[in-house]
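The values are calculated or read from the model by the stated rules, or taken from the named source; none is laboratory data. No experiment lies behind these values; they were computed from the predicted model shown. Quick reminder, even Gly has a Cβ in these numbers, built from the backbone with ideal geometry, and neighbours come from all protein chains shown. Heavy atoms of the whole protein, side chains included, go into the accessibility calculation; ligands, DNA and RNA do not. Shrake-Rupley method; radii C 1.70, N 1.55, O 1.52, S 1.80 Å.
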Amino acid sequence: MTLRARLVVERAGFRLDVGFEVAPGEVVALLGPNGAGKTTALRALAGLTALTSGHIDLEGRALHEIPAESRPIGMVFQDYLLFPHLSALDNVAFGPRCHGASKVEARRTASAWLERVGLSAHAGSRPRRLSGGQAQRVALARALAVGPRLLLLDEPLAALDAHTRLDVRSELRRHLAGFDGATVLVTHDPLDAMVLADRLVVIENGSIVQEGTSVEVARRPRTDYVARLVGLNLYRGIATGRTVTIEATAGTTNDTTTNDTTTADMTSADTIPGVGTLSSGGGPGAGTADVEDGGVEAGGGEGVVFSVVERFDGPVFVAFPPSAVALYGTRPNGTPRNLWRARIDGVERHGDNVRVHLDGPIPVAADVTPAAVAELDLVPGKPVWVSVKATETHAYPA
Amino acid sequence: MVPAVAGLVFLVLPLAGLLVRAPWSTLAGRLAEPQVLEALRLSLVTASLATLFCLLLGVPLAWMLARTSFPGRRVVRALVTVPLVLPPVVGGVALLLVLGRRGLVGQWLESAFGFSLPFTTAGVVLAEAFVAMPFLVISVEGALRAADQRFEEAAATLGASRWTAFRRVTLPLVAPGITAGAVLCWARALGEFGATITFAGNFPGRTQTMPLAVYLALETEPEAAIVLSLVLLAVSVIVLASLRDRWVSGP
């Protein structure tokens with residue numbers, strides 16, 4: 001492991017306490033909601049925020065013992081912080097100059113880096129004359145020009161518009177692949193994290209709640225936050241064989257899956273590894289699941305009993321995508337598995353489909369076609385039958 | 001409306017009067033008088049030296065006020081601004097008490113170096129700097145506060161020491177603020193009267209600056225006073241013009 005860090009930063013009303021490792025050439029994304037402490041963790045690695053306790057070991061050096069300007073790091077800030085009074089070239093040459101290179105040498109290094117990021121033509125431009133994407137590339141070149149062993153990226157794409165983002169993201173990915181040191185990037189955007197990083201570390205309220213590869217995290221979310229990011233309905237329940245009992249949410253409000261299906265939601269992006277594998281997660285064995293009457297009851301604090309494919313005993317998570325949820329105006333005939341009554345809480349557009357938020361024993365999000373909305377007259381307040389295909393529900397130990 | 005117009009007239013009329021009564025025909029000749037030139041030269045030199053003195057001490061002081069926190073920072077800040085509101089004559093008396101021949105520090109200077117400040121050109125510079133320094137400090141402090149401190153952090157991640165970051169990043173960023181502060185400081189030093197005459201006296205060629213010369217000339221040769229005043233007015237207008245982007249263009 002090239003980087004081993006345990007970062008503890010205490011402030012009034014907030015405590016960050018995370019530990020993680022990054023291998024040479026590996027890109028780790030710290031993913032989390034605003035205020036989770038991701039940026040604090042990054043600043044602590046850079047030496048811009050003091051550690052309350054903990055340690056940072058980079059290739060055998062105790063980084064936490066040396067000041068920011070002596071650490072072998074490169075950092076790309078969220079709004080880049082290119083020096084406005086210097087040209088793009090001099091911005092990139094700034095680091096080499098500080099590391100003792102002569103003016104000529106520093107400029108040679110800088111122009112080589114500008115060429116690598118494809119900005120030789122803009123070497124003489126002041127930052128304010130650069131577009132967002134160009135400024136981002138200059139910031140990356142500036143961070144890499146000092147030959148860092150640890151690259152830190154703070155929301156590297158957050159300041160870009162959606163179109164530029166797409167280009168810059170894939171280009172950034174290419175540059176990160178060519179960097180042999182450790183990379184830690186901070187983002188609240190799961191798409192950025194999954195495209196750019198080899199491994200995700202999810203931070204909430206100053207602690208790590210989940211870590212693993214993109215596929216693992218996308219497939220097996222362990223908190224509501226992660227589930228929302230990867231666009232899954234997630235519940236915690238008790239498994240007995242292939243049935244999982246999920247307690248009714250106390251006073252089923254619209255807090256878990258109903259809010260925040262904003263831009264961070266990934267289900268609209270089909271290209272994401274991990275999400276695409278969800279629908280195939282069930283397998284053909286689902287038909288053997290038990291028929292449960294308990295699940296048929298609507299509301300009333302009863303909870304829902306799910307049939308799942310996997311066999312477990314004890315506390316488990318159950319996850320399924322909104323597309324696995326079907327809605328009916330009347331009680332459907334046939335197998336009444338994973339079926340319950342709910343009330344529509346809200347309806348919104350979601351890509352080509354319509355996302356329906358449902359109250360009931362457990363809050364759930366369903367994706368249905370606009371045609372179904374019209375046919376079933378899905379308006380808020382209307383009671384419906386909800387069913388989830390067992391083959392698309394995925395259970396894993398809690 | 002009426003009070004507003006009255007206010008405007010009140011501010012502009014005296015200046016207009018100065019222009020109307022100016023002896024335009026003899027202006028060139030009077031300007032060339034050795035006494036006038038001497039006073040003008042002395043004024044320009046002392047005001048510039050005072051500004052330099054203020055820059056050397058005022059910029060670090062402004063940096064300390066803007067970027068560090070220490071107990072009593074608010075008190076220090078208030079103390080720095082005292083000369084702004086203090087009658088300059090009081091400043092002159094205070095300087096005399098400290099740096100005068102029998103003053104707290106002056107006594108020691110005299111015995112150690114055989115050196116005395118009052119009634120010298122150096123005394124003029126000190127008196128002007130004392131009165132003008134707050135203008136510079138406040139202007140630079142404001143600029144430093146407005147400058148994004150994270151640029152210094154970015155410089156640190158690139159390997160810049162605190163001093164390098166200040167020199168190569170912060171200073172260029174706040175340069176307009178420093179320039180404005182220096183111009184303001186210089187203009188104030190140029191017009192300084194009270195502290196100068198109290199601390200440095202009124203010796204032609206040595207401590208008699210333009211404002212002092214104006215005052216003296218008013219009793220003996222009113223026309224000369226008008227000419228000298230015109231020169232000072234012209235300087236003020238030039239200063240204002242050079243700062244127009246910051247001060248004159250309102251919202």
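A few notes on this one:
- For chain A, the fraction of 1.4 Å probe accessible surface lying on carbon and sulfur atoms is 48 percent.
- Multiplying the residue separation of A:A158 and A:E115 by 0.36 nm and subtracting their alpha-carbon distance yields 13.1 nm.
- Förster-model FRET efficiency, 41 Å R0, A:A398 and A:T330, C-beta, rounded to 0.05: 0.75
- Between B:D148 and B:L97, the simple label model (points 7 Å from Cα in the Cβ direction) yields a spacing of 4.8 nm.
- Within the accessible area of chain B (1.4 Å probe), percent carbon and sulfur: 72 percent
- Look at where the Cα atoms of region A:57-92 and of region A:329-398 average out, and the two centres are 50 Å apart.
- Loop-located chymotrypsin sites (Phe, Trp or Tyr not before Pro) in region B:121-157 (DSSP state not H, G, I, E or B) with no more than 10 neighbouring Cβ atoms inside 10 Å do not occur.
- Low-density loop positions, trypsin sites (Lys or Arg not before Pro), region B:39-119 - DSSP coil, at most 14 other Cβ in 10 Å: B:R101, B:R102
- Longest to shortest principal axis, alpha-carbon extents of region B:115-251, angstrom: 66, 46, 17
- Peptide B:146-155 shows a mean partner chain C-beta count of 5 within 10 Å per residue C-beta.
- Of the residues making up region A:66-84, those losing 50 Å² or more of accessible area when the isolated chain is joined by the remaining protein chains, with a 1.4 Å probe, are A:E69, A:L81, A:F83.
- Per residue, the accessible area of region A:3-212 comes to 39 Å², computed with a 1.4 Å probe over protein heavy atoms only.
- Surrounding net charge for B:E110, when Lys and Arg each add one and Asp and Glu each subtract one, Cβ distance under 13 Å: +2
- Long-range amide H partners of A:M75 with built H, under 5 Å: A:L152
- Contact order, relative form, for region A:299-398: 44 percent (alpha carbon pairs under 8 Å, 6 or more residues apart, mean separation divided by residue count).
- In chain B, the calculated helix contribution to ellipticity at 222 nm averages -24500 deg cm²/dmol per residue, counting -39,500 (n - 2.57) for every DSSP H run with n ≥ 4.
- Residue mean of other protein chain beta carbons inside 10 Å, A:142-155: 1
- Estimated at the nearest 10 Å², the accessible area of A:E392 is 30 Å² with a 1.4 Å probe.
- Summed buried accessible area for A+B [probe radius 1.4 Å, Å², rounded to 100]: 1700 Å²
- Rounded to the nearest 500, the 222 nm mean residue ellipticity of chain A from helices alone is -6500 deg cm²/dmol, with -39,500 (n - 2.57) taken per DSSP H run of at least 4 residues.
- Minimum 10 Å² accessible area buried by the other protein chains, region B:156-176 residues, probe 1.4 Å, relative to alone: B:A156, B:T157, B:L158, B:G159, B:A160, B:S161, B:T164, B:R168, B:V169, B:P172, B:L173
- Spin-label zone in region B:192-223 - amide nitrogen under 15 Å from a point set 7 Å from the Cα of B:L37 along the C-beta vector: B:205
- Whole-Hz couplings from phi, Karplus 6.51/-1.76/1.60, listed for region A:203-212; x for Gly and Pro: 10, 9, 6, x, 10, 7, 9, 6, 8, x
- Summing Lys and Arg as +1 and Asp and Glu as -1 over all other residues whose Cβ lies under 15 Å from the Cβ of B:L65 gives a net charge of +4.
- Calculated FRET value between A:S102 and B:L57, using beta carbons and R₀ = 30 Å, to 0.05: 0.30
- Here the contact order of chain A, divided by its residue count and restricted to Cα pairs under 8 Å and six or more residues apart, works out to 15 percent.
- For region B:130-251, the solvent-accessible area with a 1.4 angstrom probe is 44 square angstrom per residue.
- Entry note, region B:138-251: relative contact order of 20 percent, from Cα contacts under 8 Å with a spacing of 6+ residues.
- Applying the Kirkwood pairwise sum to the alpha-carbon positions of region B:42-201 produces a hydrodynamic radius of 16.7 angstrom.
- The protein assembly as shown, Cα convex hull volume normalised per residue, Å³: 253 Å³
- For region A:353-364, 3J(HN,Hα) computed residue by residue from phi via the Karplus equation (6.51, -1.76, 1.60; θ = phi - 60°) reads 9, 10, 9, 10, 9, 10, 7, x, x, 10, x, 8 Hz, glycine and proline entered as x.
- The local environment of A:R6, defined by Cβ-Cβ distances under 12 Å, has a net charge of -2 under the rule Lys, Arg +1 and Asp, Glu -1.
- The figure for A:E204 is an accessible area of roughly 40 square angstrom, using a 1.4 Å probe on the protein chains alone.
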